[in-house]
Amino acid sequence: MLKDNYPYYLANEPISANADLEVTNKYTGEVATRVAVADGRVIDDAIGRAVAAAPACRKMPSYARAAVLNHVVKRMTERYEELARALAIEAGKPIKDARGEVTRGIDTFRIAAEEATRIYGQYLPLDISPRAEGYEGLCKRVPIGVCSFISPFNFPINLAAHKVAPAIAVGCPFVLKPASRTPIGALIIGEILAETALPKGAFSILPCGRDGADLFTTDERIKLLSFTGSPDVGWALKAKAGKKKVVLELGGNAACIVDRDADLEYAVQRLIIGAFYQSGQSCIGVQRIFIHESIYDSLNRKLADAASKLISGDPLNEDTFIGPMITEGDAKRIEKWCADAVKAGARIVCGGHRKGAIHDATLLEHVPDDADLSCNEAFGPVAIMEPFISFKSACDRVNASAFGLQAGVFTNNIHHAYYAFNELEVGGVVINDVPSFRVDNMPYGGVKDSGLGREGIRYAIEDMTELRLMVMNRLGSRAT
């Protein structure tokens, strides 16, 4: 189980400065452990030490950076069940899903270890006209410098890994603020990193309040801010970030199209997971389902039947599929949004009930476009269904959103697949699966209100590095 107390990490070292942050068991509501909280003075010190460590981090050879990352892979594998149970307790994530996240976190560090040794450059022939005869260029990628990371509560291990791992791979020192409700996974990663040969100051992992975290965004010594969380917070941080590069992985109300020729049994299986996995608390969870009118009634019934059979309860129970939401207040919000939609003419097909922080897997139809469940991010175990006549109209409905993270399309029509790929205004189109499908080496991110930039190790490395050019005039030197 969890330890009684966890330190924060300042310049690679555990600091048990206090035990001010209570981390609750999201199912029982009881305090599960306590965590040290960093104040503004500590955060300022951490950034200063990261700046001092930047030259040593930059000079680490690629094999040494890969060795650090491979050590994390080894230790996370050895501590697999500890990490999974910590997730189930602090995030309320069903234990099977928690194990899945730990597996993905290990994959993320493993991919980063591989990419650390293949950060390639480019040769540029510059003699494109007589004036440049004898000139040639070389480009290489160099670390951008100190990075600031703010990670969310819903994937507290893997989404922290998607920031930390590429930073280590390229040689960027960093400061990380884990979500206050779920800091334990990131602190265990810190414990593992403290076992490595990273230069002193290369990393700090600092749970803190929002007020104390202002330096993560505003400090001019930081060269990149990477934030994953809500759109309102993310865009506000970007406005305050100044000259630094900003990467935002924000929210969505992800849509899925089910075409007339789709395999319905398979679609049901995947849509249930996509909509209700970890109580819908995923920015690419299925929220809007557009179903061809010829199969609408059949798929409606199949989805409702499957959703009503999902088991809710204690996340540590191996059979649990629906665990608690991160707070009872969030469950109450979903309950209210469902009630508001019904008042506006929607019909609840299944679910719709709440007990404490657990909300039923819920499906609705006839939801108005201006209802919160349609136009905003639900981030809970609820999805809405709507029929469509033409595939083009379904794609138009997907695009009628302020968000654009990922979309799913179930179809056996290759022309429809490519139409969706070309026309959907999203960062990723997943054919014959749900938008919540993600592999950790693929480019991942959104457009519109869903963010800026891409995660996925190779693509994050591009953001965490800058191109440096050398021009060589061969005619200006003599052979000896």
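The values are calculated or read from the model by the stated rules, or taken from the named source; none is laboratory data. The structure presented is a predicted model; accordingly, all values stated were derived computationally and were not measured. Reconstructed Cβ throughout: ideal geometry from the backbone, glycine too, with neighbour counts over all protein chains shown. Side chains are part of the model used for accessible areas, which takes the heavy atoms of the whole protein and leaves out ligands, DNA and RNA. Shrake-Rupley method; radii C 1.70, N 1.55, O 1.52, S 1.80 Å.
At-a-glance table
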{"read-out": "Options Val175, Val142, Val170: the member that is surrounded by fewer than 17 Cβ atoms within 10 Å (Cβ to Cβ) and in contact with a Ser or Thr (Cβ under 8 Å, 6 or more places away or on another chain)", "value": "Val142"}
{"read-out": "Segment 213-251 - residue that is open to solvent by less than 50 Å² (accessible area, probe 1.4 Å) and among the acidic types (Asp, Glu) and, of those, farthest from Gly445 (Cα to Cα)", "value": "Asp219"}
{"read-out": "Boolean, Thr24 is in contact with a His (Cβ under 9 Å, 6 or more places away or on another chain) and of a type outside the set (Asp, Glu)", "value": "no"}
{"read-out": "Lone qualifier among Leu159, Leu176 - being assigned to a helix (DSSP H, G or I) and within 30 Å of Lys74 (Cβ to Cβ)", "value": "Leu159"}
{"read-out": "Matching residues in segment 343-384 - criterion: being polar (S, T, N, Q) and closer than 26 Å to Lys93 by Cβ", "value": "Thr362, Asn376"}
{"read-out": "Filter result (surrounded by fewer than 21 Cβ atoms within 10 Å (Cβ to Cβ), out of contact with any helix residue (DSSP H, G or I) (no Cβ under 8 Å at 6 or more places or on another chain) and under 12 Å from Ile257 (Cα atoms)) within segment 387-411", "value": "Ile389, Ser390, Ser393, Asp396, Arg397"}
{"read-out": "Single residue of Ala84, Ala116, Ala112 found to be free of Cβ contacts under 8 Å to residues at least 60 places away in the same chain, over 21 Å from Ile322 (Cα atoms) and among the aliphatic types (A, V, I, L, M)", "value": "Ala116"}
{"read-out": "Single match in Ile322, Ile291, Ile295 (criterion: under 30 Å from Ser151 (Cβ atoms), among the β-branched types (Val, Ile, Thr) and at pLDDT 95 or above)", "value": "Ile322"}
{"read-out": "Residues of segment 457-480 satisfying the condition of being without any contact (Cβ under 8 Å) to a residue 24 or more places away in the chain and within 19 Å of Cys283 (Cβ to Cβ)", "value": "Tyr459"}
{"read-out": "Set Asp232, Asp261: member being in a helix (DSSP H, G or I) and of a type in the set (Asp, Glu)", "value": "Asp232"}
{"read-out": "Segment 264-318: number of residues that are within 19 Å of Pro387 (Cβ to Cβ), assigned to a helix (DSSP H, G or I), open to solvent by 20 Å² or more (accessible area, probe 1.4 Å) and of a type in the set (S, T, N, Q)", "value": "1"}
{"read-out": "Helices (runs of 4 or more DSSP H) contained entirely in segment 363-480, each with at least 1 residues that are within 25 Å of Lys163 (Cα to Cα)", "value": "457-463"}
{"read-out": "Close pairs (8 angstrom Cβ cut-off, 6 or more residues apart or separate chains): under 22 Å from Ser450 (Cα atoms) in segment 389-400, aliphatic (A, V, I, L, M) and part of a helix (DSSP H, G or I) anywhere", "value": "Cys395/Ala420"}
{"read-out": "Among (1) assigned to a helix (DSSP H, G or I); (2) under 22 Å from Arg454 (Cβ atoms) - the single one Pro152 does not satisfy", "value": "(1)"}
{"read-out": "Those residues of segment 234-259 which are within 25 Å of Ala361 (Cα to Cα) and out of contact with any Lys or Arg (no Cβ under 8 Å at 6 or more places or on another chain), in sequence order", "value": "Leu250, Gly251, Gly252, Ile257, Val258, Asp259"}
{"read-out": "When residues of segment 121-139 are limited to those that are part of a loop (DSSP other than H, G, I, E, B) and touching a Lys or Arg at 6+ places or on another chain (Cβ under 8 Å), the one most open to solvent (accessible area, probe 1.4 Å)", "value": "Gly121"}
{"read-out": "Cross-chain or 6+ apart pairs with Cβ under 8 Å, segment 43-69 first and among the polar types (S, T, N, Q), then surrounded by fewer than 17 Cβ atoms within 10 Å (Cβ to Cβ) and outside any helix (DSSP H, G or I)", "value": "Ser62/Thr117"}
{"read-out": "Matching residues in segment 443-480 - criterion: being of a type in the set (A, V, I, L, M), open to solvent by 30 Å² or more (accessible area, probe 1.4 Å) and closer than 20 Å to Val426 by Cβ", "value": "Val447, Leu452"}
